[in-house]
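Let me begin by presenting the structure, written as structure tokens, before commenting on it.
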Amino acid sequence: VDGFLLTGIGHLTTNVGPAITDAVVAIDGIRVSYAGSAGSAPEVEGRKVINCEGGAVLPGFVDAHTHVVFAGDRSAEFAKRLAGVSYADIAAEGGGILSTVASTRDASEDELFALASKRIWRMIGAGTTTIEIKSGYGLDPETEMRILRVARRLGQELPVKTKTTFLGAHSVPAEFKGRRDDYVQLIIAEMLPAAAPFADYCDVFIEEGAFDIDEGRAIFDAAAALGLGARVHAEQLAHSGGAMLAADIGAASADHLDHATLEDARALAEAGVAAVLVPGASYTLRSGQAPGPMLWDAGCTVALATDCNPGTSYFEAMAPIISLGVVQMGLTTEQAIWSATRGGALSLGLDDLGVITPGAPADLIVLDAPSPAHIPYRPGANLVRRVFSSGKSVLGVR
Ligand code: NIG
Ligand code: FE
């Protein structure tokens, strides 16, 4: 058999049943063929044996919200914010998103690929095996397409699964100042049809200063006609009605949700819209965390994601995000680990990911720690010792 036998697993999280202690996982080809107690494990039969030495094994992280394809540096803006200037004020002065747009427009396809693949290799090294990648730092037909092509190529050339999202409605670009309707029309008439073959989803940043509900609805309607699902940047900086819009159009996810209400939570749960929470952004902006426990208790599928971007959440690894989800947001460790794996997968319609069970793709990680509780408990260390992506060992012991 061409595969691996992972023995000596101290704690196995399968996300299909309770955790198993003293466990074994067999990988045959790209898939898991056994996940259970050591007692009934299959024979070695030619598989390469890897002794996990009591370490925990869990599904690879599914990071369901990133803006990882960008160029430029906003550390000076970070310093300004620490000195008290608000994110909204920086954006109003032409900084923020538009500053990254200027740098990204100047970067070639190969430059963008090189920058993003460095980031994604670090993500993989920290245990991420699936990522969602948004455009949104081009805001013109040519650059948005360049970002989406890079995103597709990243999924083909790196050992990570990807879903791509068109976020042309991230901000109104400078050249359309005072002509926002024209930009919305450009998105609908030109950018969306061009992007559709390269994107799985369409996203709109619903926020004061970005796009309003009517604009969002028009863009999502056009996207749906082209077969794209919806993901919505909703209720991040203020309550603007994005969550209700997401529920109303049956979006795949509503993301951020820092200002979501109980009514929003119930509507999202009822409509089957996943709540993708990004505690790194709330942390970096020093604003309150999204009401994760309320969304969970309302019955939402909760996902935790990095929101990896150069402005509000320059996080690549999922471990600190899980820690923020537990320590600052108030999820339990079990909820946070589930949200960072299975929850992310479900939010992306990847129903066979985020689990370790026979037949599922073998995307899993081995920790140098006895249980996943060490992830939120020790946020400053990379405890990931090995990473398997579709049955291939992509990262060995460091
Ligand atoms: O998810 N909310 C909008 N977009 C990003 C921020 C992008 C930026 O500041 O560059 C976010 O936080
Ligand atoms: Fe975002």
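Restricting to the stretch 298-330, give me the number of residues that are among the hydroxyl-bearing types (Ser, Thr, Tyr) and within 16 Å of ligand 1 (Cβ to nearest atom).
Of the residues in the stretch 298-330, 4 are among the hydroxyl-bearing types (Ser, Thr, Tyr) and within 16 Å of ligand 1 (Cβ to nearest atom).
Pairs only if they're at least six apart or on different chains, beta carbon under 7 angstrom, first in the stretch 57-68 and under 28 Å from Val24 (Cβ atoms), second within 16 Å of ligand 1 (Cβ to nearest atom) and in a strand (DSSP E or B); list them, first residue then second.
Asp63/Ile131; Asp63/Glu132
Looking only at residues in the stretch 86-102 that are among the hydroxyl-bearing types (Ser, Thr, Tyr) and buried (at least 16 other Cβ atoms within 10 Å of the Cβ), which one is nearest to ligand 1 (Cβ to nearest atom)?
The extreme case among them is Thr100.
Looking only at the stretch 109-152, count how many residues are away from ligand 1 (no atom under 16 Å from the Cβ), open to solvent by less than 10 Å² (accessible area, probe 1.4 Å) and of a type in the set (S, T, N, Q).
So the count comes out to 3.
Would you mind telling me which numbered condition in (1) more than 16 Å from ligand 2 (Cβ to nearest atom); (2) touching a Pro at 6+ places or on another chain (Cβ under 9 Å); (3) among the basic types (Lys, Arg) Arg74 fails?
For Arg74, the exception is condition (1).
Got a sec? Which strands (runs of 3 or more DSSP E) wholly within the stretch 1-85 have at least 3 residues that are open to solvent by 60 Å² or more (accessible area, probe 1.4 Å)?
Strands (runs of 3 or more DSSP E) meeting the threshold: 48-51.
Which of (1) part of a loop (DSSP other than H, G, I, E, B); (2) under 21 Å from Arg286 (Cα atoms) does Pro370 not meet, given it meets every other one?
Every condition holds for Pro370 apart from (2).
Taking the stated definitions as given, is Val44 β-branched (Val, Ile, Thr) and within 16 Å of ligand 2 (Cβ to nearest atom)?
For Val44, the condition - β-branched (Val, Ile, Thr) and within 16 Å of ligand 2 (Cβ to nearest atom) - is not met.
The values are calculated or read from the model by the stated rules, or taken from the named source; none is laboratory data. Everything numeric here is computed off the predicted structure, so don't read it as measured data. Don't worry about glycine lacking a Cβ; one is built from the backbone with ideal geometry, like all the others, and counts go over all protein chains shown. We work out accessible area using only protein heavy atoms, side chains counted, and drop any ligands, DNA or RNA first. Shrake-Rupley method; radii C 1.70, N 1.55, O 1.52, S 1.80 Å.
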